[in-house]
Protein chains: 2
Amino acid sequence: MKDLGPGKGTSFYIVGEISRFDQKNEMFKRSMWDPQFEQERKIYYGPSYPKEKDGFSQEDLALFVASWYLEWGFGFGTAIHNKGLFSWDPPQSAVRRLPPDIKRKVADPYWMSRQVKRVAKYFGASEVGISMTDRRWVYSHSYNIETGEHREFELPEECKYSISVALEMDYRLAKTSPTWLARAAEGKAYSMLPVVTSMLAQFIRGLGYRAIPSGNDSALSIPLAIDAGLGELGRNGCLITPRHGPRVRLGQVFTDLPLACDGPIRFGVIEFCEICRKCAKHCPGHAIMQGERTTQAHNICNSTGVLKWPINAEKCFSFWAQNRGSCMNCIRVCPFNKVAGWQHEVVRWLIHHVPTLDRLILMGDELLGYGKKARAAGYWD
Amino acid sequence: MKDLGPGKGTSFYIVGEISRFDQKNEMFKRSMWDPQFEQERKIYYGPSYPKEKDGFSQEDLALFVASWYLEWGFGFGTAIHNKGLFSWDPPQSAVRRLPPDIKRKVADPYWMSRQVKRVAKYFGASEVGISMTDRRWVYSHSYNIETGEHREFELPEECKYSISVALEMDYRLAKTSPTWLARAAEGKAYSMLPVVTSMLAQFIRGLGYRAIPSGNDSALSIPLAIDAGLGELGRNGCLITPRHGPRVRLGQVFTDLPLACDGPIRFGVIEFCEICRKCAKHCPGHAIMQGERTTQAHNICNSTGVLKWPINAEKCFSFWAQNRGSCMNCIRVCPFNKVAGWQHEVVRWLIHHVPTLDRLILMGDELLGYGKKARAAGYWD
């Protein structure tokens, strides 16, 4: 384990005062109330029309919309907390199958953590980690995009633990970014998040404890995932995981089930990002910084008090609207975005243990053509 | 391809008059209105209490209930059609993303069938096949278990095609049948069916066509799957698929999207079942026949006109209630229930092409200990 840098502890990259983030300022929510983004919002949330352009055919559009189906219609984890599959309390259909008031004694939280991770993976999680719920990452206020309601937010006090899950996005589809086909990779992961977290939450309820499934609706998923040991924060503003790089989406379950926690991990991401800049170069919206990490926010969409490469969410969102889709170029080109394979394991080990080779590895990554955009039409051939 | 037997055609095992099946007579629905099964129903649908018995611990119970969470609370494919994730029409959240009235021209139904299968697998289907919607398999009446409403049923006339999907159940969990842990294998497949079929249906809607996702709510899934080439009907009353044997759950999407259809397959199941009888021997409810195939129904729970080994659903259900869970012994012990592996491929080839070896293969299966019940506690170790 390398030096955790300034502000050691559960959240090693904290260098200043953290003010809890207001959900209203998250870029998608902001587009709902900030007149500056009215045009973009209308385009982004409106209907899309097939185009004569690779990755924007009717099949691509149909797959993109289908992949989001569950999240948009039944999950709501990108919208508001405690709704649909992300409901804090289970429907009667599940309640009536369980004995009332039977609480499983937890003699060994390490054993229980193992079971929770096993079950999360059984339900479809690619990675699972556990941390204490650091309240600084919980939203200060919630913002309901349907009603415009904006109010103070808190998670129940007893939910001391946070189980972070990462869901892998499809490598092949992501490689076609910034197309609608790539958006189908994103959508499927977002649609599977309520499936995995709601079923994991129900498992915990079956042991007699409180459990709250959550997407992007209650807290900042990335710092929670960092605390839970799922990865490091990269230049592209994404969580970089050891196995899938930034090609994941995140959710969590908050609970009072006694668990043993994981800690943050370091495996050379910060050092690599310092010299790499591929994501910044390939960002069509120029939303990713070229320079050094900073605590300076670009605008109200950034959280504060953390040393990082803040993303310019305004520029990012503007490109998404202009593109009439989304964009994952920063995920596609990231050298940590690889599939399973011993050769990638070797490179990961070198990045972790011999950072002096980072420049060489980066050159090799370029030479071998990793991260290049793939033809979307090839998927349907 | 072997001789398809009597009644060749899409449904090769038809030998008599098919009267469409009334959903009210499906055993789970029947337990709701038939006073003969009132006791069983109360036990089966009521709360379960952990027991000092392998496979019936609180963890096992919690996993079983969690695995069913999505189907019970949001899917309803084991209950009633056109509800929740199995809704026939999409929510506005999906409608407003698509251009109105853009219908993709289908010049090549073979190409379109490939795409539909690709997308079904992307969303999580283990196997996919396509057939014409044979109306004889569609329920004559629907029965709403919540309201008791019983009325004539028909699928929209334009839904000429049926896309059958099979979802694999977890091998390791199924091996612990008849425990609650095995029930978690069943539950996860049932919870994933609405996910896969609703997203596949939405893909088709995105191409401008009608699409209806369905579980056990609209039609008999097994004959539809047989017509779509997913497998053969076994002695245990299950669809036996070439790759996973009977260890699958079935759903379908009905549509008017022009597609090329598959046909029924034969790979030696009937011949093997004729000599095997392992499922009948290991059925704790004595619900599986030892003898020859027949067209004789045991009771109103059986459909008619088909030459098969009808299951005695009354006895099956009674054991489920007595077991305070379910049972998959007939799936667990079936010699076709195997995981991937070249050795199993060889045996499958032999069963298909050299049926004279069936007895020898059956002896080998017994000797090697396949199908033996596994300790549930081992899962949590």
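Assorted remarks:
- Sparsely packed GluC sites (Glu not before Pro) within the stretch B:280-381, loop by DSSP, other Cβ within 10 Å at most 12: B:292
- Whole-Hz couplings from phi, Karplus 6.51/-1.76/1.60, listed for the stretch B:346-355; x for Gly and Pro: 4, 4, 4, 4, 5, 4, 5, 9, 10, x
- Amide hydrogen proximity for residue A:245: with H placed 1.01 Å from N in the peptide plane, the residues at 5 or more positions away or on another chain lying under 5 Å are A:338.
- Shortest first, residue B:292 label-point distances to identical copies amount to 8.9 nm, with the label point at 7 Å from Cα along Cα→Cβ.
- Stretched out straight at 0.36 nm per residue, the stretch from residue A:107 to residue A:381 would grow longer than its current Cα-Cα span by 93.1 nm.
- Computed with a 1.4 Å probe over protein heavy atoms only, the accessible area of residue B:147 comes to about 100 Å².
- Legend: distances between Cα atoms for B:24/B:83; B:188/B:338; A:121/B:117; A:42/A:121; pairs beyond 29 Å are A:42/A:121.
- Label points for residue A:152 are taken 7 Å from Cα along Cα→Cβ. From this copy to the others they lie 6.1 nm apart, shortest first.
- When the stretch B:13-155 is described by a simple charge dipole with +1 on each Lys and Arg Cβ and -1 on each Asp and Glu Cβ, the residue from B:15, B:31, B:112 located farthest towards its positive end is B:112.
- By the helix-only formula, in which each DSSP H run with n ≥ 4 contributes -39500 (n - 2.57) and the sum is divided by residues, the protein assembly as shown has a 222 nm mean residue ellipticity of -10000 deg cm²/dmol.
- Computed over the stretch A:108-157, the range of Cα coordinates on each principal axis works out to 42, 23, 14 Å, biggest value leading.
- With all protein chains modelled, accessible area of residue B:54 [1.4 Å, Å²]: 60 Å²
- Using the Karplus relation 6.51 cos²θ - 1.76 cosθ + 1.60 with θ = phi - 60°, the per-residue 3J(HN,Hα) values for the stretch A:127-132 come to 9, 9, x, 10, 9, 5 Hz, with x marking Gly and Pro.
- Using θ = phi - 60° and Karplus 6.51 cos²θ - 1.76 cosθ + 1.60, couplings along the stretch B:36-45 (whole Hz; Gly, Pro as x): 4, 10, 4, 4, 4, 4, 4, 5, 5, 8
- Whole-percent P(r), the stretch B:264-381, all Cα pairs, 10 Å bins from 0: 12, 36, 34, 17, 1.
- For residue A:126, residues with placed amide H under 5 Å, excluding near neighbours: A:166, A:167, A:168
- Geometric extent, Cα atoms of chain B - Rg, Dmax (angstrom): 20.3, 62
- Cα centroid separation - the stretch B:114-128 against the stretch B:34-56, whole Å: 36 Å
- Carbon plus sulfur fraction of accessible area for the stretch B:169-323, probe 1.4 Å, in percent: 52 percent
- GNM remark for chain B: springs join alpha carbons under 10 Å apart, and the peak mean-square fluctuation among B:287, B:228, B:340 falls on B:340.
- Solvent-accessible surface (1.4 Å probe) assigned to residue A:261 amounts to roughly 60 Å².
- For a label point 7 Å along the Cα-to-beta-carbon line of residue B:118, residues of the stretch A:15-53 with backbone N under 14 Å: none
- Highest GNM mean-square fluctuation among B:363, B:32, B:112, for chain B modelled with Cα contacts below 10 Å: B:363.
- Under-5 Å amide H pairs with residue B:233, H placed in peptide plane, nonlocal only: B:240
- Summed buried accessible surface, chains A and B, 1.4 Å probe, nearest 100 Å²: 5600 Å²
- Taking one quarter of the surface of the C-alpha convex hull of the stretch B:121-215 gives a mean projected area of 8.0 nm².
- Anisotropy class assigned to the stretch A:154-209 is prolate, per the alpha carbon gyration tensor with a/c at or over the 1.5 cut-off and a/b larger than b/c.
- Local charge for residue B:258 was computed over the other residues whose Cβ lies under 14 Å away, with Lys and Arg +1 and Asp and Glu -1, and equals +3.
- For the stretch B:20-61, the set of GluC sites (Glu not before Pro) satisfying both a DSSP loop assignment and a count of at most 12 other C-beta atoms within 10 Å is given as B:52.
- Solvent exposure of the protein assembly as shown as accessible area per residue, Å², 1.4 Å probe: 39 Å²
The values are calculated or read from the model by the stated rules, or taken from the named source; none is laboratory data. Note that the structure is a prediction, hence the values are computed from the model and not measured. Cβ atoms come from the backbone with ideal geometry, glycine included; neighbour counts cover every protein chain shown. Ligands, DNA and RNA are stripped out before the accessible areas are found, and what is left, the full protein with its side chains, is counted by its heavy atoms. Shrake-Rupley method; radii C 1.70, N 1.55, O 1.52, S 1.80 Å.
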